[in-house]
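K.L.:
What follows is a structure written as structure tokens; I'll ask about it next.
Read-outs throughout are calculated quantities, based only on the coordinates presented, and are distinct from any laboratory measurement. Remember, predicted model here, so these are calculated numbers, not experimental data. Note that we place each Cβ from the backbone using ideal geometry, even for glycine, and neighbour counts take in every protein chain shown.
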Amino acid sequence: MENYEALLTTIALMMGVSWASGINLYAVLLVLGWGGSTGHIDLPAELTVLEDPLVIGAAAVMYFIEFFIDKIPGVDSAWDSIQTFVRIPAGAMLAAGAVGDVTPALEIAAGILGGSLAATSHATKAGTRLLINTSPEPFTNWSASLTGDFLVFSGMWTAVKHPEIFLILLIIFIGIAIWLLPKLWRLIKVLLARIGKFFGFVNTGPVTSAELDTGISVHRHHHLSALERLQQLRDQGALTEQEFEQQKEKILNDGNH
């Protein structure tokens, strides 16, 4: 029973730090560092370096910076783009450290899972915030930012104190992310196309004469092919003369439209 609980706690910590890192890495480092140094969280030996005051101080400074940047529309999306190269690798490393002293293969597997989960939560956050930034008022942006911070702190607390509940909620999150991310991507593509059209990056000019001539040539070729097939059917006896004339007239009328 003790082994089962230890395994559950390790898995919840591993998945928790990687999931939360994709949303706010510096909040995760603060929680782990402060919690480990005060004895509220029993960190694996590989993560005890986070209890160092220098690490806690650096995480606090970066959390303070992100707290304000994350609430400025437009700037937050630029920050998320930069953090793509920080949150995902950090999520993978924290996940590998969270499993403790195990075989290298298990550490690599934990890093792969952690990096993938960090990428999922990061993409969900970044995509959602990009769409929210289309709203002219700042209050939605502030609410989303504060909600993200709340999710990180409450999620980390749940992962440490109630690993079973956290893992159930994580499975629900993954299901929602799988459903939501393709829709977010389609909306983002539409948004980027509109932005490109506004700034003139997307060519929406009239059809050129060359393109028009090509279209007409393809159209004529299609009707000529249809007439040839029709004549072959008549020659083979599959069509009567009357049916041939009716179909021929239909194709010719089509070609005149």
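K.L.:
Please sort through the DSSP H helices of the chain and keep those with an alpha-carbon extent of at least 30 Å along the long axis and a Kyte-Doolittle average not below 1.6.
P.N.:
Both cut-offs are met by 163-199.
K.L.:
List the lysines whose Cα lies under 18 Å from the Cα of LYS183, skipping any in the same chain that are fewer than 8 positions away.
P.N.:
The reachable lysines, counting only those whose Cα sits under 18 Å from LYS183, are LYS125.
K.L.:
Something else about it: Among ALA6, GLY127, MET156, which residue has its Cα furthest toward the positive end of the charge dipole of the stretch 2-199, with +1 on Lys/Arg Cβ and -1 on Asp/Glu Cβ?
P.N.:
The listed residue farthest towards the positive side: GLY127.
K.L.:
Additional query: Please give the calculated 222 nm ellipticity per residue for the chain, where each DSSP H segment of at least 4 residues contributes -39500 (n - 2.57) and the sum is spread over every residue; nearest 500 deg cm²/dmol?
P.N.:
Only helices count here, giving -29000 deg cm²/dmol.
K.L.:
Straight-line reach from LYS71: which aspartates and glutamates fall under 18 Å, measuring Cα to Cα and dropping same-chain residues less than 8 apart?
P.N.:
LYS71 reaches ASP80, GLU137, ASP149.
K.L.:
For the stretch 85-120 and the stretch 3-23, what is the separation of their C-alpha centers, rounded to whole Å?
P.N.:
11
K.L.:
Could you quote the convex hull projected area for the chain, Cα atoms only and averaged over all directions, in nm²?
P.N.:
Across all orientations, the chain yields a mean hull projection of 24.3 nm².
K.L.:
I need the peptides 21-30, 83-92 ranked by packing, meaning the mean over residues of other C-beta atoms within 10 angstrom, with the highest value on top.
P.N.:
Peptide ranking by packing, descending: 21-30, 83-92.
K.L.:
Can you list residues from other chains, or at least 5 along the same chain, whose modelled amide H is less than 5 Å from the amide H of ILE41?
P.N.:
GLY36
K.L.:
Right, next: Cβ under 15 Å from GLU107's Cβ, GLU107 left aside: what net charge do those residues give with Lys, Arg +1 and Asp, Glu -1?
P.N.:
-2
K.L.:
Within a Cβ distance under 15 Å of ILE65, other residues only, what is the Lys/Arg minus Asp/Glu net charge?
P.N.:
So the environment of ILE65 carries a net charge of -3.
K.L.:
Run the dipole for the chain about the Cα centre, Lys and Arg Cβ at +1, Asp and Glu Cβ at -1, nothing else charged, and hand back the magnitude in debye, nearest 20.
P.N.:
Dipole size: approximately 700 debye.
K.L.:
Calculate, for THR140 and VAL86, the FRET efficiency according to 1/(1 + (r/R0)^6) with r their C-beta to C-beta distance and R0 25 Å; round to the nearest 0.05.
P.N.:
With a Förster radius of 25 Å, E is 0.50.
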